[in-house]
Amino acid sequence: MIFVWAFVVGGLMCVLAQLVMDWFRMTPGQVLVVFVVAGAVLGGLGIYGKLVDFAGAGASVPLPGFGYTMVEGIGQAVKQKGALGLFTGGLTAASGGIKAAVIFGLVAALIFKPKS
Amino acid sequence: MDSDKQQYQQMTQEMMPKRPVLRNAVIAFVVGGLICVVGQGVQGFFMHQGMTTKEASAPTAVVMIGLGALLTGLGWYDRIVKHSGMGGTLPITGFANSMVAPAMEFRTEGLVMGVGARLFTVAGPVLVYGMTAAMVVGALRWLITGVA
């Protein structure tokens with residue numbers, strides 16, 4: 001059942017992003033920024049966490065999940081380290097994804113040639 | 001002057017191609033949903049290895065980003081994005097695509113300002129505003145609830 005909700009919720013999030021892009025005539029980069037910020041805000045309100053529990057990868061794979069992950073990481077780090085956690089928590093939680101993106105991105109850009 | 005401006009805006013509005021909003025939305029739904037199903041499968045694999053849902057999300061992100069980078073390198077992901085718009089762009093595989101595609105394209109400008117800088121054409125703003133938003137939200141939640 002989790003696969004069905006992953007499909008529906010993940011799909012709907014992409015529809016919302018597509019509508020935002022079409023209606024407000026935004027570039028893809030602008031939409032991504034809006035959605036990562038939205039994920040952080042909804043994460044802070046406790047809404048996005050419920051969505052992740054409900055839809056699994058349907059909520060954690062789309063980019064708002066990245067904002068949510070950082071807010072959750074900050075929450076945990078603040079509990080342990082206080083104010084320093086505001087600086088360290090977000091990137092600690094997101095480090096796997098960021099490092100993977102840099103390393104895989106660099107390797108792919110060096111190995112492959114652009115197709116026209 | 002103002003009426004000129006208005007006329008011009010009206011003219012550009014009319015000349016701009018109409019976006020097929022409904023069609024775009026349907027394709028974005030199907031493609032975005034399918035990518036999330038793949039992500040769910042990857043997460044399921046890690047959970048099968050004994051990880052909890054939370055523990056599995058980081059390695060899932062790593063694998064999905066790797067897939068996105070690989071498919072971009074092969075030239076397939078750009079085709080997915082071309083047809084599905086945000087359906088391909090919003091999932092984390094699309095984030096990888098937004099890094100690899102410009103880095104590959106501008107490799108001729110060198111390893112530093114070509115590949116190194118262009119990797120962050122889109123990822124840079126996403127990280128800047130994502131990190132800022134997460135910190136502001138985290139600080140506000142701490143102040144308001146007393147619990148982070």
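Here is how the numbers come out for the structure above:
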{"quantity": "Average Cα contact separation per residue, region B:22-105, under 8 Å, 6 or more apart, as relative contact order %", "calculated": "37"}
{"quantity": "Distance in nm between pseudo-label sites at B:Phe45 and A:Phe54 (7 Å out along the Cβ direction from Cα)", "calculated": "2.9"}
{"quantity": "Dipole in debye (nearest 20) - region A:2-111, about Cα centre, beta carbon charges: Lys, Arg +1; Asp, Glu -1", "calculated": "220"}
{"quantity": "Computed Rg/Rh of the protein assembly as shown, alpha carbon atoms with Kirkwood Rh", "calculated": "1.01"}
{"quantity": "Alpha-carbon centroid distance for the pair region A:60-103 / region B:68-93, whole angstrom", "calculated": "25"}
{"quantity": "Helix-only [θ]222 nm of chain A, DSSP H runs n ≥ 4, -39500 (n - 2.57) each, per residue, nearest 500", "calculated": "-28500 deg cm²/dmol"}
{"quantity": "Net charge over other residues, Cβ less than 15 angstrom from the Cβ of B:Gln43 (K, R count +1; D, E count -1)", "calculated": "-1"}
{"quantity": "Taking A:Leu110, A:Leu63 and counting other C-beta atoms within 10 Å, the order from fewest to most", "calculated": "A:Leu110, A:Leu63"}
{"quantity": "Region A:2-111 - Rg and Dmax from Cα coordinates, angstrom", "calculated": "15.3, 43"}
{"quantity": "Within chain A, longest stretch free of exposed trypsin sites (Lys or Arg not before Pro) [DSSP loop, at most 16 other beta carbons within 10 Å]", "calculated": "A:26-114"}
{"quantity": "Kirkwood Rh (inverse of mean 1/r, distinct Cα pairs), chain B, angstrom", "calculated": "18.5"}
{"quantity": "Most fluctuating residue given options B:Thr93, B:Thr60, B:Thr108, as computed from a GNM of chain B linking Cα atoms under 10 Å", "calculated": "B:Thr108"}
{"quantity": "Set of lysines with alpha-carbon distance to A:Lys81 below 16 Å, sequence-local pairs under 8 removed", "calculated": "none"}
{"quantity": "As computed over region B:22-105, the Cα convex hull volume per residue (Å³)", "calculated": "80"}
{"quantity": "Lysines whose Cα lies under 26 Å from that of A:Lys113, excluding same-chain neighbours fewer than 8 positions away", "calculated": "A:Lys99, B:Lys82"}
{"quantity": "Candidate lysines for bridging to B:Lys5, where Cα separation is under 27 Å - those fewer than 8 sequence places away on the same chain excluded", "calculated": "B:Lys18"}
{"quantity": "Derived scalar couplings ³J(HN,Hα) [region B:124-134; Karplus, 6.51 cos²θ - 1.76 cosθ + 1.60; whole Hz; x for Gly, Pro]", "calculated": "x, x, 4, 5, 4, 7, x, 5, 4, 4, 4"}
{"quantity": "Sequence-separation-based contact order of chain A, relative, with Cα cut under 8 Å and 6+ spacing, percent", "calculated": "22"}
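Readers should treat all values here as calculations from the given coordinates under stated rules, not as data from a laboratory. Note that this is a predicted model, so its numbers are computed, not measured. Here Cβ is always computed from backbone atoms with ideal geometry, including for glycine, and neighbour counts include all displayed protein chains.
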